[in-house]
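*Asks:* Before anything else, here's the structure in question.
The values are calculated or read from the model by the stated rules, or taken from the named source; none is laboratory data. None of these values were measured; they are calculated from a predicted model. Neighbour counts are summed over all protein chains in view; Cβ atoms, including those assigned to glycine, are modelled from backbone coordinates with ideal geometry.
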């Protein structure tokens, strides 16, 4: 098969060994795959959890048709249209743990649209509902809201009953579009008064749940914006791996600061997260109420160009590869 493979000369579209499904896995004939920020790290030779290094097939999620199933798989059969988080998704074939996979809704959802959903669904549902313990009527702030994951996160927060949903972006054009995806108040973190605007929007209380995809220099401002007994969920660190931390403010507000990642989770933990997300969100996904915009589509053979497009950071929504 052909795949986008990490080499010492960068990502190249070349021959790779076709995978075979283990007992609990499905083999997917890939129709589309979407890009995530972690793909940039893998493409540059770094590791992301257990994957990485020369010879690695890039990609974390895809959609396609089941070609074969392992001996223990009961919920899928050859011919099923599926989407799944799957290492090595930038290829003509990929394998996925059947417990991570979803059948594509029979509502005319395209493979391109389906490929955008798995990582965003499991990441943001877990951040908001699992780690963040979001309750109906509480307020939510998504840091880095114009990313694909962020856009879905705002929609999930609304769907789960959040009273007010806020999102941040330092790009004026992207920030103007956030209202289309459930954002009640769009904020620019370059404005030093943004935490005060959060407090004004919440009647002086502060925000109950912050999903932080930025970290770095926004940590103390997050705590300023947070309510007493607020929860801050550390999902990403696109703005920096380190930053100042006001320990007294953290204690004063009795904030829960929670770190999450899928890199150290067991297969059983991931399956439970996927099932919880499906229970809460699947009717809305089937009805087309939760969706992500596609910024640009590339042929699979142009995976390196697609990664360069993401690195340029000029996109809004998801970047998709098609076979």
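*Asks:* Got at least one residue in region 259-267 being in contact with a helix residue (DSSP H, G or I) (Cβ under 8 Å, 6 or more places away or on another chain), in a helix (DSSP H, G or I) and under 30 Å from residue 50 (Cα atoms)?
*Replies:* yes
*Asks:* Same structure again: List pairs: first in region 269-284 and modelled with pLDDT under 95, second in a helix (DSSP H, G or I) and surrounded by 15 or more Cβ atoms within 10 Å (Cβ to Cβ), Cβ under 8 Å, 6+ apart or cross-chain?
*Replies:* Once the first residue is modelled with pLDDT under 95 and sits in region 269-284, no partner that is in a helix (DSSP H, G or I) and surrounded by 15 or more Cβ atoms within 10 Å (Cβ to Cβ) comes close enough.
*Asks:* I'm checking my understanding of the structure. Among residues of region 40-64 that are farther than 20 Å from residue 101 by Cβ and assigned to a loop (DSSP other than H, G, I, E, B), which one is modelled with the lowest pLDDT?
*Replies:* Top of the filtered list is 46.
*Asks:* Can you tell me which residues in region 243-258 are assigned to a loop (DSSP other than H, G, I, E, B) and either within 27 Å of residue 100 (Cα to Cα) or out of contact with any helix residue (DSSP H, G or I) (no Cβ under 7 Å at 6 or more places or on another chain) (or both)?
*Replies:* Within region 243-258, 254 is the sole residue that qualifies.
*Asks:* Which one of these does residue 53 not meet: (1) on the phi > 0 side of the Ramachandran plot; (2) surrounded by 17 or more Cβ atoms within 10 Å (Cβ to Cβ)?
*Replies:* (2)
*Asks:* Sticking with this structure for a sec: For region 152-167, which positions are more than 20 Å from residue 214 (Cβ to Cβ) and surrounded by 24 or more Cβ atoms within 10 Å (Cβ to Cβ)?
*Replies:* Matches in region 152-167: none.
So that you can scan it fast, the table gives a plain yes or no per residue for (1) under 17 Å from the mean Cα position of the chain (by Cα); (2) closer than 24 Å to residue 105 by Cβ:
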{"site": "17", "(1), (2)": "no, no"}
{"site": "29", "(1), (2)": "no, yes"}
{"site": "43", "(1), (2)": "no, no"}
{"site": "49", "(1), (2)": "yes, no"}
{"site": "76", "(1), (2)": "no, yes"}
{"site": "83", "(1), (2)": "yes, yes"}
{"site": "86", "(1), (2)": "yes, yes"}
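*Asks:* Tell me, please, whether a residue that is assigned by TED's automatic domain parsing to the domain that holds residue 14, surrounded by 12 or more Cβ atoms within 10 Å (Cβ to Cβ) and farther than 21 Å from residue 150 by Cα can be found in region 281-299.
*Replies:* Checking region 281-299: at least one residue is assigned by TED's automatic domain parsing to the domain that holds residue 14, surrounded by 12 or more Cβ atoms within 10 Å (Cβ to Cβ) and farther than 21 Å from residue 150 by Cα.
*Asks:* Given the condition closer than 30 Å to residue 172 by Cβ and assigned to a helix (DSSP H, G or I), answer yes or no: does some residue in region 292-302 qualify?
*Replies:* Yes, region 292-302 has at least one match.
*Asks:* Given the criteria farther than 29 Å from residue 291 by Cα, out of contact with any helix residue (DSSP H, G or I) (no Cβ under 8 Å at 6 or more places or on another chain), in a loop (DSSP other than H, G, I, E, B) and at pLDDT 95 or above, does residue 203 qualify?
*Replies:* yes
Residue by residue, here is whether (1) assigned to a loop (DSSP other than H, G, I, E, B); (2) closer than 24 Å to residue 269 by Cα; (3) touching a helix residue (DSSP H, G or I) at 6+ places or on another chain (Cβ under 6 Å); (4) modelled with pLDDT under 95 holds:
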{"site": "66", "(1), (2), (3), (4)": "no, yes, no, no"}
{"site": "112", "(1), (2), (3), (4)": "no, no, no, no"}
{"site": "120", "(1), (2), (3), (4)": "no, yes, yes, no"}
{"site": "134", "(1), (2), (3), (4)": "yes, yes, yes, no"}
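*Asks:* Being over 19 Å from residue 179 (Cα atoms) and at pLDDT below 95 is the requirement here; does residue 108 meet it?
*Replies:* Criteria met by residue 108.
*Asks:* Which of the residues spanning region 303-319 are assigned to a helix (DSSP H, G or I), under 22 Å from residue 144 (Cβ atoms) and in contact (Cβ under 8 Å) with a residue 40 or more places away in the chain?
*Replies:* 306, 307, 310, 311
*Asks:* Pairs under 7 Å by beta carbon, first residue without any contact (Cβ under 8 Å) to a residue 60 or more places away in the chain in region 228-239, partner in a loop (DSSP other than H, G, I, E, B) and surrounded by fewer than 18 Cβ atoms within 10 Å (Cβ to Cβ), six or more apart or different chains?
*Replies:* Listed pairs, sorted by first residue: 228/254; 229/254.
*Asks:* Tally the residues that are in a loop (DSSP other than H, G, I, E, B) and within 15 Å of residue 61 (Cα to Cα), restricting the search to region 1-39.
*Replies:* 2
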